[in-house]
Ligand code: 5GP
């Protein structure tokens, strides 16, 4: 069955799309946790980061270029942002279609506690 993100790519579900080409789509997360919360998704249905193969290197690099472009367009290029890919259960992944979260618009808290 097509993932929810594939259904967005195919136009079957609505989304606030900020970028789209033949390889990648980017749209606002339906439940944003930051002032800017964008999902950057490859058109190819790669379920998780653990399913990436060497042939996916191009699209993965493109996802980063799209993230930078969208961040700048949304005004957070200078203030900064965080890019996150959750992988499987322990990584907190809910949608099993690879995606990168672009988070910004305010300072993102620490994920890995710094040693004092
Ligand atoms: P994950 O936990 O898998 O890394 O993140 C999945 C993200 O997809 C969540 O932040 C969730 O809010 C978002 N999401 C789930 N379903 C939809 C949807 O139908 N539309 C949009 N725009 N975002 C969705």
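The values are calculated or read from the model by the stated rules, or taken from the named source; none is laboratory data. Just so you know, these numbers come straight off a predicted model, no measurement behind them. Here the Cβ is made from the backbone with ideal geometry for all residues, glycine too, and neighbour counts use every protein chain on show.
What single numbered condition from (1) surrounded by 16 or more Cβ atoms within 10 Å (Cβ to Cβ); (2) over 25 Å from residue 90 (Cα atoms) fails to hold for residue 14?
In the conditions (1) surrounded by 16 or more Cβ atoms within 10 Å (Cβ to Cβ); (2) over 25 Å from residue 90 (Cα atoms), residue 14 misses (1) alone.
When you look at residue 81, is it closer than 27 Å to residue 56 by Cα, within 13 Å of the ligand (Cβ to nearest atom), modelled with pLDDT of 95 or more and surrounded by 14 or more Cβ atoms within 10 Å (Cβ to Cβ), yes or no? Spell out how you get there, then give the answer.
Working: closer than 27 Å to residue 56 by Cα: yes; within 13 Å of the ligand (Cβ to nearest atom): no; modelled with pLDDT of 95 or more: yes; surrounded by 14 or more Cβ atoms within 10 Å (Cβ to Cβ): yes.
It is false that residue 81 is closer than 27 Å to residue 56 by Cα, within 13 Å of the ligand (Cβ to nearest atom), modelled with pLDDT of 95 or more and surrounded by 14 or more Cβ atoms within 10 Å (Cβ to Cβ).
Every residue in the range 74-106 that is touching a strand residue (DSSP E or B) at 6+ places or on another chain (Cβ under 7 Å), closer than 16 Å to residue 26 by Cα and not in a strand (DSSP E or B), please. Even if it seems obvious, please write down each step before you answer.
Our first condition is that a residue be touching a strand residue (DSSP E or B) at 6+ places or on another chain (Cβ under 7 Å); within the range 74-106, this holds for 74, 76, 79-85, 97-105.
This time we only want the ones that are closer than 16 Å to residue 26 by Cα, so: 74, 76, 81-85, 97-104.
74, 76, 85, 97, 98, 99, listed by residue number.
Return the pair list, or none, for Cβ contacts closer than 7 Å from residues in the range 1-21 that are in contact (Cβ under 8 Å) with a residue 60 or more places away in the chain to residues that are more than 8 Å from the ligand (Cβ to nearest atom) and part of a loop (DSSP other than H, G, I, E, B), at least 6 apart or on different chains.
3/45; 3/97; 5/97; 6/45; 6/97
Being within 11 Å of the ligand (Cβ to nearest atom) and in contact with a helix residue (DSSP H, G or I) (Cβ under 7 Å, 6 or more places away or on another chain) is the filter here; which residues of the range 19-55 pass it?
Passing the criteria: 25, 26, 27, 38, 41, 48.
Take the range 49-69 and flag every residue that is surrounded by fewer than 16 Cβ atoms within 10 Å (Cβ to Cβ), touching a residue at least 12 places away in the same chain (Cβ under 8 Å) and assigned to a loop (DSSP other than H, G, I, E, B).
Across the range 49-69, there are no qualifying residues.
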